[in-house]
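This report concerns only the one structure given below.
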Amino acid sequence: MPISLSGKTAIITGAASGCGLAIARRFCELGANVILADADEKQLDIEAEVLEGSEGEVLKFHGNLSEKLDIKNLIAASIDRFETVDILVNAARLFAIDPDDDYEMLPRLLDRNVTANFRLSQHVAKLMATTASEREDHHSVGSIINLTSTTHQGSLPGLLAYSVSMAALTQLTRSMALTYAADGVRVNAIAIGSVKTTSLREYLREDDTIEDIIAAHTPLGYVADAREIADTAVYLASDMSNFMTGQVLTLDGGRMLRDPVPLQEH
């Protein structure tokens, strides 16, 4: 069955690069109106211009979504242009490595990766819920998609704060799914492993053996492209996942299934 997002309006955070940009491009290809939200104004301008002329309309919003006022301004701009919002993709994530796993990093990552997403999701969910009385045949009135990480269930030294923030975002996904289910708003998440975003590509260019190492630890044998994350986001945004809420879909090529201890050591 052909998938179309024509007539849908989506807010995508972190849309100037990485998975957020890949999702924005895919949604535009499928006819959605897309609000690109990002703190990187220069890159946002570049990508918004590239997407102009897509089947759906494109609106860019520059702001810091850790600030309550910027969240309110984003919602206001979206309503002013498109009247309603059908899809929210929280793709903006702050990733940080702290070799000392120091406490100071934790409040910062929780604020950006959890609190900011919670505030924006609340505003959007309430906006979506205003149309609940108009829905037919139990169809959802909106879909919220959080991008989390496989570190929500397994961590590494230096990733204490990031892993905790991802675990909190996973629980936020489940809790909000329950909170807004009666209003017809679905909330799901995508837990991502290694993906060839701009930052990872730069890292791989510095050491071309790293990709082989990642692939060797991945049962499917390669590093994902951001477009594969985007296709999963399309599924969660579309009516094909109408009966799914509170779920975390893992896209890691099977890496979390593999026991890192060699067989002979067991």
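Take the residues in the range 252-266 that are aliphatic (A, V, I, L, M) and in a helix (DSSP H, G or I), then tell me which one is modelled with the lowest pLDDT. Before the answer, list the steps.
Our first condition is that a residue be aliphatic (A, V, I, L, M); within the range 252-266, this holds for 256-257, 261, 263.
Right, trim to in a helix (DSSP H, G or I) and you get 256-257, 263.
Values: Met256: 80, Leu257: 81, Leu263: 53.
So the residue we want is Leu263.
Six or more apart or on different chains, Cβ under 9 Å: which pairs go from a residue in the range 167-189 that's at positive phi to one that's assigned to a helix (DSSP H, G or I)? Could you list them?
Gly184/Met128; Gly184/Ala129; Gly184/Ala132
If you go through the range 118-142 one residue at a time, how many are aliphatic (A, V, I, L, M) and at pLDDT below 90? Walk me through how you get there before you give the answer.
Residues of the range 118-142 that are aliphatic (A, V, I, L, M), as a first pass: 120, 124-125, 127-129, 132, 141.
Still in the list and also at pLDDT below 90: 132.
The number of residues fulfilling the criteria is 1.
Within the range 1-55, which residues are among the β-branched types (Val, Ile, Thr), surrounded by fewer than 20 Cβ atoms within 10 Å (Cβ to Cβ) and either touching a helix residue (DSSP H, G or I) at 6+ places or on another chain (Cβ under 7 Å) or in a loop (DSSP other than H, G, I, E, B) (or both)?
Within the range 1-55, just Ile3 meets the criteria.
Is it true that Ala129 is in contact with a helix residue (DSSP H, G or I) (Cβ under 7 Å, 6 or more places away or on another chain), within 20 Å of Leu5 (Cα to Cα) and in contact (Cβ under 8 Å) with a residue 40 or more places away in the chain? Walk me through how you get there before you give the answer.
On the way: in contact with a helix residue (DSSP H, G or I) (Cβ under 7 Å, 6 or more places away or on another chain): yes; within 20 Å of Leu5 (Cα to Cα): yes; in contact (Cβ under 8 Å) with a residue 40 or more places away in the chain: yes.
Yes: the conditions hold for Ala129.
In the range 69-92, is there at least one residue being outside any strand (DSSP E or B) and within 25 Å of Ser194 (Cα to Cα)? First the steps, then the outcome.
Just the residues of the range 69-92 that are outside any strand (DSSP E or B), to begin with: 69-86, 91-92.
Applying the additional criterion that residues be within 25 Å of Ser194 (Cα to Cα) yields 91-92.
Yes - at least one qualifying residue is present in the range 69-92.
Regarding Ser143, is this residue surrounded by 15 or more Cβ atoms within 10 Å (Cβ to Cβ) and assigned to a loop (DSSP other than H, G, I, E, B)? I'd like the intermediate steps shown before the answer.
Values: surrounded by 15 or more Cβ atoms within 10 Å (Cβ to Cβ): yes; assigned to a loop (DSSP other than H, G, I, E, B): no.
In short, no.
Take Asp208 and decide whether it is out of contact with any Pro (no Cβ under 8 Å at 6 or more places or on another chain), among the charged types (D, E, K, R) and either crowded, with 20+ Cβ neighbours inside 10 Å or part of a loop (DSSP other than H, G, I, E, B) (or both). Working first, answer last.
Details: out of contact with any Pro (no Cβ under 8 Å at 6 or more places or on another chain): yes; among the charged types (D, E, K, R): yes; either crowded, with 20+ Cβ neighbours inside 10 Å or part of a loop (DSSP other than H, G, I, E, B) (or both): yes.
Judged against the criteria, Asp208 is a match.
Regarding Ser163, is this residue without any contact (Cβ under 8 Å) to a residue 24 or more places away in the chain, out of contact with any Lys or Arg (no Cβ under 6 Å at 6 or more places or on another chain) and either closer than 28 Å to Phe82 by Cα or surrounded by 15 or more Cβ atoms within 10 Å (Cβ to Cβ) (or both)? Before you say what the answer is, go through the steps one by one.
Numbers: without any contact (Cβ under 8 Å) to a residue 24 or more places away in the chain: yes; out of contact with any Lys or Arg (no Cβ under 6 Å at 6 or more places or on another chain): yes; either closer than 28 Å to Phe82 by Cα or surrounded by 15 or more Cβ atoms within 10 Å (Cβ to Cβ) (or both): yes.
In short, yes.
Which number in (1) under 23 Å from Leu30 (Cβ atoms); (2) touching a residue at least 12 places away in the same chain (Cβ under 8 Å) marks the one condition that Val50 misses?
(2)
Filter the range 73-93 for residues that are under 23 Å from Ala189 (Cα atoms) and without any contact (Cβ under 8 Å) to a residue 60 or more places away in the chain and give the result.
If we filter the range 73-93 for residues that are under 23 Å from Ala189 (Cα atoms), which is where we start, we get 74-75, 78, 84-93.
Hit for the range 73-93 is Ile75, nothing else.
Could you tell me how many of the residues in the range 175-216 are within 21 Å of Ala230 (Cα to Cα), more than 16 Å from the chain's Cα centre (by Cα) and modelled with pLDDT of 95 or more?
Qualifying residue count, the range 175-216: 1.
With respect to Gln122, determine if the residue is more than 15 Å from the chain's Cα centre (by Cα) and under 29 Å from Leu69 (Cβ atoms). Steps first, answer last, please.
Details: more than 15 Å from the chain's Cα centre (by Cα): yes; under 29 Å from Leu69 (Cβ atoms): yes.
For Gln122, the condition - more than 15 Å from the chain's Cα centre (by Cα) and under 29 Å from Leu69 (Cβ atoms) - is met.
Any idea how many residues of the range 211-251 are out of contact with any helix residue (DSSP H, G or I) (no Cβ under 9 Å at 6 or more places or on another chain), surrounded by 15 or more Cβ atoms within 10 Å (Cβ to Cβ) and in a loop (DSSP other than H, G, I, E, B)?
Qualifying residue count for the region: 1.
Going by the structure shown, is Val58 closer than 13 Å to Ile87 by Cα and either crowded, with 24+ Cβ neighbours inside 10 Å or out of contact with any Gly (no Cβ under 6 Å at 6 or more places or on another chain) (or both)? Reasoning before the result, please.
Values: closer than 13 Å to Ile87 by Cα: no; either crowded, with 24+ Cβ neighbours inside 10 Å or out of contact with any Gly (no Cβ under 6 Å at 6 or more places or on another chain) (or both): yes.
No.
The values are calculated or read from the model by the stated rules, or taken from the named source; none is laboratory data. Model, not experiment: these values are computed from the prediction. Positions of Cβ are generated from backbone atoms using ideal geometry, with glycine treated the same way; all protein chains shown enter the neighbour counts.
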